[in-house]
Amino acid sequence: MLPTPQKRLNAIFFQTPAGREPVKVWLRQLSALDRGIVGTDISRVEFLWPLGRPFVGSSGHGLWEVRSNMTHGSARVMFMIKGNQIVLLHAFTKQTQKTPLRHLKLAIQRMKGVE
């Protein structure tokens, strides 16, 4: 019998000072199928970290992104590593080749709030 794989990292949601979890809110807006795709990709990072492309990309500044191909387009979930946790900071549906600066700035701002 094969041993049960162990998580290397545990994913947690960033919380605003008011207790809102923006990535969780974004996930709930997706279809069940797309939510499953993104969830599987986040889980892949939890079990197999460190990963590179095509699953994970570096955004610099200690910021990473889970890269998901959903049924209609691509999604990015931006995260940081803190100890043995993946802190899910920001998520969006990708509509351009390059990550828009506003998404990067927001993720960096949230990351500073965690550190």
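Restricting to segment 58-79, name every residue that is surrounded by fewer than 16 Cβ atoms within 10 Å (Cβ to Cβ) and assigned to a strand (DSSP E or B).
Ser58, Gly60, Asn69, Gly73, Ser74
Can you pull out the residues in segment 16-40 that are within 16 Å of Gly73 (Cα to Cα) and not in a helix (DSSP H, G or I)?
Gln29, Leu30, Ser31 - these are the residues of segment 16-40 that are within 16 Å of Gly73 (Cα to Cα) and not in a helix (DSSP H, G or I).
Looking at segment 66-101, which of its residues are of a type in the set (D, E, K, R) and modelled with pLDDT under 95?
Lys94, Lys98, listed by residue number.
Does at least one position in segment 45-54 carry a residue that is touching a Leu at 6+ places or on another chain (Cβ under 8 Å) and aliphatic (A, V, I, L, M)? I'd like the intermediate steps shown before the answer.
Initially, segment 45-54 is screened for residues touching a Leu at 6+ places or on another chain (Cβ under 8 Å), giving 45-46, 49.
Remaining after also requiring aliphatic (A, V, I, L, M): 45.
Yes, segment 45-54 contains at least one residue that is touching a Leu at 6+ places or on another chain (Cβ under 8 Å) and aliphatic (A, V, I, L, M).
Filter segment 10-48 down to residues that are surrounded by 12 or more Cβ atoms within 10 Å (Cβ to Cβ) and under 22 Å from His103 (Cβ atoms), then give me how many there are.
Just the residues of segment 10-48 that are surrounded by 12 or more Cβ atoms within 10 Å (Cβ to Cβ), to begin with: 11-15, 21-24, 26-27, 30, 34-39, 41-48.
Now drop any that are not under 22 Å from His103 (Cβ atoms), which leaves 11-15, 21-24, 26-27, 30, 34-35, 37-39, 41-42, 44-45.
Residues meeting the conditions: 21.
The values are calculated or read from the model by the stated rules, or taken from the named source; none is laboratory data. No experiment lies behind these values; they were computed from the predicted model shown. Note that we place each Cβ from the backbone using ideal geometry, even for glycine, and neighbour counts take in every protein chain shown.
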